[in-house]
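Okay, structure first, notes after.
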Amino acid sequence: MQLPRTPSFRLDGRTALVFGASSGIGLGAAMALAEAGAHVICAARGAERLEEAAAAIHEAGFDAEALVLDIADIDAVKTAISALDRLDVMVNSAGTARHAPALETSPEDFDAVSMVNWKAAHFAAQASASKMIAGGRGGSIITISSQMAHVGGIDRAVYSASKHAVEGMTKSMAIEWGGEGVRVNTICPTFIRTPLTEPTFNDPARVAWIRDKIKLGRVGEIEDIMGAVLFLASDASALVTGASLLVDGGWTAG
């Protein structure tokens, strides 16, 4: 009897680009891909923290470099991606939030959130897919979305809308690019403890609300997202596209 074999989670010989790689979920994604053998290009706006992150991954014995790049600069992103020797995986962890009651949303906040979370995400995926298709090997595009892409939330009308848009965008791109071997998926985390979310976790009432919603009874850590990134980047998910991988501790289950 010939037994089936588990597809490899290894990424040796592949190149991965990670936006938002200087901290938080983006840094975790970069480390997960590097540990699996990929050459990781860490991209973010701020040079100092980005270079420190890439250097730390390199010093840990893995292959990483820094690329100072603002995902909201659509022309610069297109130029940078087209100049890469190859691209097999793109993870977009860049994002922003300006939470406020819907009655108090300003046009400026609406535009700022939509620009980074939706518009920039669209064109980063577009440039990445173009590079992957030109290379003839296909690839994996992963956008860090949110559990709020599947539910609503108080003070989160604009943020939730931007993430709902990413989900629709992802499904459409998966349909268009599937024939070229380009897979397009999202990861939808719950509240993850990062430097950006620390103010939320300093509020005992908000922490109690979060823990009540998360059925597993704890908030998320960066490590909780790393396995999901590796799965969607690797051959282990070769038949997965147009999907949302919910890493929410059961928040959206009901």
Inset, instruction - Being closer than 18 Å to Ala233 by Cα and acidic (Asp, Glu) is the filter here, so list the residues in segment 73-105 that pass it. - result: Asp88
Legend entry - Test for Gly250: is it at pLDDT 95 or above and either out of contact with any helix residue (DSSP H, G or I) (no Cβ under 7 Å at 6 or more places or on another chain) or exposed (fewer than 13 other Cβ atoms within 10 Å of the Cβ) (or both): yes
Inset, instruction - Within segment 198-218, work out how many residues are surrounded by fewer than 17 Cβ atoms within 10 Å (Cβ to Cβ) and not in a helix (DSSP H, G or I). - result: 6
Inset, instruction - Would you be able to say whether some residue in segment 206-213 is free of Cβ contacts under 8 Å to residues at least 60 places away in the same chain and either within 20 Å of the chain's Cα centre (by Cα) or closer than 15 Å to Ser93 by Cβ (or both)? - result: no
Legend entry - Residue among Gly242, Gly227 that is assigned to a helix (DSSP H, G or I), within 22 Å of Ala29 (Cα to Cα) and in contact (Cβ under 8 Å) with a residue 40 or more places away in the chain: Gly227
Inset, instruction - Output the qualifying pairs, or none if there are none: Cβ atoms under 8 angstrom, residues six or more apart or on different chains, first residue in segment 7-28 and free of Cβ contacts under 8 Å to residues at least 24 places away in the same chain and under 17 Å from Asn92 (Cα atoms), second residue outside any strand (DSSP E or B) and among the small types (Gly, Ala, Ser). - result: none
Inset, instruction - Take the residues in segment 219-243 that are small (Gly, Ala, Ser) and surrounded by fewer than 20 Cβ atoms within 10 Å (Cβ to Cβ), then tell me which one is farthest from Gly179 (Cα to Cα). - result: Gly227
Inset, instruction - Among residues belonging to segment 146-172 that are touching a residue at least 60 places away in the same chain (Cβ under 8 Å) and of a type in the set (A, V, I, L, M), point out the one that is nearest to Thr105 (Cα to Cα). - result: Val158
Legend entry - Failed criterion for Arg183 (all others in (1) surrounded by fewer than 17 Cβ atoms within 10 Å (Cβ to Cβ); (2) modelled with pLDDT of 95 or more; (3) basic (Lys, Arg) hold): (1)
Inset, instruction - Take the residues in segment 186-212 that are hydroxyl-bearing (Ser, Thr, Tyr) and modelled with pLDDT of 95 or more, then tell me which one is farthest from Ile133 (Cα to Cα). - result: Thr190
Legend entry - Checking Ala243 against (1) at pLDDT 95 or above; (2) of a type in the set (Gly, Ala, Ser); (3) at positive phi, the condition it does not meet: (3)
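The values are calculated or read from the model by the stated rules, or taken from the named source; none is laboratory data. As the structure is a computational prediction, the values presented were derived from the model and not from experiment. Cβ atoms come from the backbone with ideal geometry, glycine included; neighbour counts cover every protein chain shown.
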